[in-house]
Amino acid sequence: MKNITKICCIGAGYVGGPTMAVIANKCPHIQVTVVDLNEARIAAWNDVDTDNIPVYEPGLSEVVAEARGRNLFFSTAVDDAIAEADMIFISVNTPTKTYGAGKGMGADLKYIELCARQIARVSMTDKIIVEKSTLPVRTAEAVRDILHNTGKGVKFQVLSNPEFLAEGTAVADLFNPDRVLIGGDSTEEGQEAIQALVDIYNNWIPRERILTTNVWSSELSKLVANAFLAQRISSINSISELCEKTEADVNEVARAIGTDSRIGSKFLKASVGFGGSCFQKDILNLVYISRSFGLQEVADYWEQVIIMNDHQKKRFALNMIKSLYNTISGKKIAFLGWAFKKDTNDTRESAAIYVADELLNEQARIRVYDPKVNSDQIFGDLNYLQTRKPEENASNVKVFEDPYRACENAHAIAILTEWDEFKDYDWQRIYDSMLKPAKVFDGRNLLDADKLRKIGFKVQSIGTTS
Ligand code: UDX
Ligand code: UDX
Ligand code: ADP
């Protein structure tokens, strides 16, 4: 049985960083080296002050502080780390393709392929390769093809071990996951490789929570898990619109259906729309593969989840415009929150970006405050859309470090992220500093609407009319 003593992880991002930090923390007998081409990122992971590591996750800096320098290392020496390792995790990004066949739908696998070629070139000893990035089904095959043709007699086993952690709770999810999924070959070597990875997780996760499958089931399960979660949000969001017409309250509906144990209560929170790096990308991927197999109905079914989500974001923005008397040109709108959810500094696919874009088209002036997202990121997100010139974004959007300043003289406030601190603000003070009627559009149903109304605010929440 292969005894793993050295692990290398390629990619020091939101997945690779936290996952490896926890493995190193729980397995002091294993040396874990996380490598990345991005020198600035590696330097930040190595910052003496662990509060400056590049990924903000509750509890992460403590985990890194404990293991770093002991058995956890961050480095740009990719080849050396690959050559030394018994097991290599691939945690590089797999964005949606922006060019060529599958543009806007399929996953761009060039980073994965580059990794596979690099591993093939450098390796002189047998290795287990673990796909950690979210990948389309049958990616392992491509990786395997490249590795099996090195002509050096080095043997590779390719496993799929998708990551189910959610941002904002990454450390808690890694310490105590619902399950770990490992897919591998049914051959004896494949089973041995699976066992080697099971043994690592088994250092802190009970064996019955470690599921093993074939590679293809494992790869597909990751896409399907995200598609199901996203589908629940689009489902409740579709109902939120109906609630606004019927005087039903979406929170009450969610509670009522969520108590059915067959449905379950989680992921039923109506919102301005889901964001994050995974949901949209994985569904687009599912749609793309289904279409490529000619499964039109399957593809259309899942695509509807995205269509509904886009509609929800747009609807939120259009509703604001309508409530502000159909003209927001020159009006100040304060955005509380920019991250795609609370407790993270990640903004990928955040609803805030699309809502802002829509309002900027109507020449609104946007004032943003987010506790963890900085102004470079916010302008980067808006400029990336290429809807208008960067100078126009720069002149119409202002980022504040003080929420009260962001709200001063605003015509309206939009809540885009459910940061807890927003609940505890001095809302009377905010009301006093705003133009009247002072409006709040709560895209997260976060605030106590009755309390705000008593102060004098006009409040609109998702999926309620009261
Ligand atoms: C998700 C999956 O949860 C995780 O298992 C997978 O590994 C990666 O993708 P993440 O994107 O980090 O994780 O966050 P998640 O908590 O799933 O939220 C995604 C989006 O849905 C956020 O924008 C969130 O605000 C939104 N959401 C979530 C809702 O609008 N309503 C809900 O009830 C739950
Ligand atoms: C349903 C609801 O469950 C119940 O709460 C409501 O009051 C009435 O409608 P019922 O139609 O009696 O009850 O049966 P149910 O067990 O929900 O099954 C409905 C259909 O779904 C059946 O054809 C069943 O075979 C099918 N089904 C159910 C599946 O195909 N797969 C499943 O996992 C579950
Ligand atoms: P994720 O959310 O999947 O972790 P990120 O974009 O946060 O995605 O992180 C992926 C990381 O992988 C980036 O820091 C990127 O620089 C790194 N990366 C991509 N390709 C390679 C490669 N061939 N070698 C080393 N690092 C790579």
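Odds and ends about this structure:
- For the stretch 432-451, the condition of being within 30 Å of GLY276 (Cβ to Cβ) and among the hydroxyl-bearing types (Ser, Thr, Tyr) holds for none of the residues.
- Of the listed requirements (1) buried (at least 19 other Cβ atoms within 10 Å of the Cβ); (2) in a helix (DSSP H, G or I), TRP216 misses just one: (1).
- The residues of the stretch 434-466 that are among the small types (Gly, Ala, Ser) and in a loop (DSSP other than H, G, I, E, B), listed by number, are ALA438, GLY443, GLY456, GLY463, SER466.
- Top-ranked residue in the stretch 300-314 [being over 19 Å from SER240 (Cβ atoms) and surrounded by fewer than 19 Cβ atoms within 10 Å (Cβ to Cβ); ranked as farthest from ligand 1 (Cβ to nearest atom)]: ASP300
- Residue within the stretch 133-155 that is free of Cβ contacts under 8 Å to residues at least 40 places away in the same chain, away from ligand 3 (no atom under 15 Å from the Cβ) and crowded, with 22+ Cβ neighbours inside 10 Å present: no
- Cβ-Cβ under 7 Å pairs, at least 6 apart or on other chains, the stretch 274-292 side in contact (Cβ under 8 Å) with a residue 12 or more places away in the chain and within 13 Å of ligand 3 (Cβ to nearest atom), far side β-branched (Val, Ile, Thr) and not in a loop (DSSP other than H, G, I, E, B): LYS281/THR96
- ASP199 passes every criterion in (1) within 19 Å of CYS9 (Cα to Cα); (2) free of Cβ contacts under 8 Å to residues at least 60 places away in the same chain apart from (2).
- ILE128 fulfils the conditions (1) at positive phi; (2) part of a strand (DSSP E or B) except for a single criterion, (1).
- The single condition from (1) of a type outside the set (Gly, Ala, Ser); (2) within 16 Å of ligand 1 (Cβ to nearest atom); (3) under 29 Å from ASN374 (Cα atoms); (4) touching a strand residue (DSSP E or B) at 6+ places or on another chain (Cβ under 8 Å) that VAL22 fails is (4).
- Residue count for the stretch 315-329 satisfying the condition of being among the basic types (Lys, Arg) and surrounded by 16 or more Cβ atoms within 10 Å (Cβ to Cβ): 1.
- Condition check for GLY183: in the same structural domain as VAL22 (by TED's automatic domain parsing), crowded, with 19+ Cβ neighbours inside 10 Å, within 16 Å of ligand 1 (Cβ to nearest atom) and farther than 20 Å from ILE88 by Cα: no
- Entry remark, the stretch 240-289: residues being more than 11 Å from ligand 1 (Cβ to nearest atom), over 10 Å from GLY463 (Cβ atoms) and not in a helix (DSSP H, G or I) number 7 in total.
- Taken over the stretch 101-113, residues that are near ligand 3 (Cβ under 9 Å from one of its atoms) and either exposed (fewer than 14 other Cβ atoms within 10 Å of the Cβ) or in a strand (DSSP E or B) (or both) amount to 1.
- Cβ-Cβ under 8 Å pairs, at least 6 apart or on other chains, the stretch 349-361 side without any contact (Cβ under 8 Å) to a residue 60 or more places away in the chain and part of a helix (DSSP H, G or I), far side within 15 Å of ligand 1 (Cβ to nearest atom) and among the basic types (Lys, Arg): GLU358/LYS313
- When residues of the stretch 206-239 are limited to those that are away from ligand 1 (no atom under 11 Å from the Cβ) and of a type in the set (Val, Ile, Thr), the one nearest to ALA256 (Cα to Cα): ILE239
- Any hit, the stretch 146-169, residues being polar (S, T, N, Q), farther than 18 Å from MET20 by Cβ, in contact with a helix residue (DSSP H, G or I) (Cβ under 6 Å, 6 or more places away or on another chain) and assigned to a loop (DSSP other than H, G, I, E, B): yes
- Of all the numbered requirements in (1) within 10 Å of ligand 3 (Cβ to nearest atom); (2) under 25 Å from ILE283 (Cα atoms), PHE89 misses one, and that requirement is (1).
- Top-ranked residue in the stretch 338-386 [being of a type in the set (S, T, N, Q) and either within 12 Å of the chain's Cα centre (by Cα) or within 26 Å of GLY59 (Cβ to Cβ) (or both); ranked as surrounded by the most Cβ atoms within 10 Å (Cβ to Cβ)]: SER350
- Of all residues in the stretch 395-409, none satisfies being within 29 Å of GLU241 (Cα to Cα) and in a loop (DSSP other than H, G, I, E, B).
- Looking only at the stretch 117-151, and only at residues there that are away from ligand 1 (no atom under 16 Å from the Cβ) and charged (D, E, K, R), the one that is farthest from THR5 (Cα to Cα): ARG138
- Take the conditions (1) of a type outside the set (Ser, Thr, Tyr); (2) modelled with pLDDT of 95 or more; (3) within 16 Å of ligand 3 (Cβ to nearest atom); ILE236 misses just one of them, which is (3).
- Verdict on SER292 being at pLDDT below 95, within 16 Å of LEU223 (Cβ to Cβ) and within 21 Å of the chain's Cα centre (by Cα): no
The values are calculated or read from the model by the stated rules, or taken from the named source; none is laboratory data. This one's a predicted model, so the numbers in the text were calculated from it and none came from an experiment. Cβ sites come from the backbone with ideal geometry, for glycine too, and all protein chains shown count toward neighbours.
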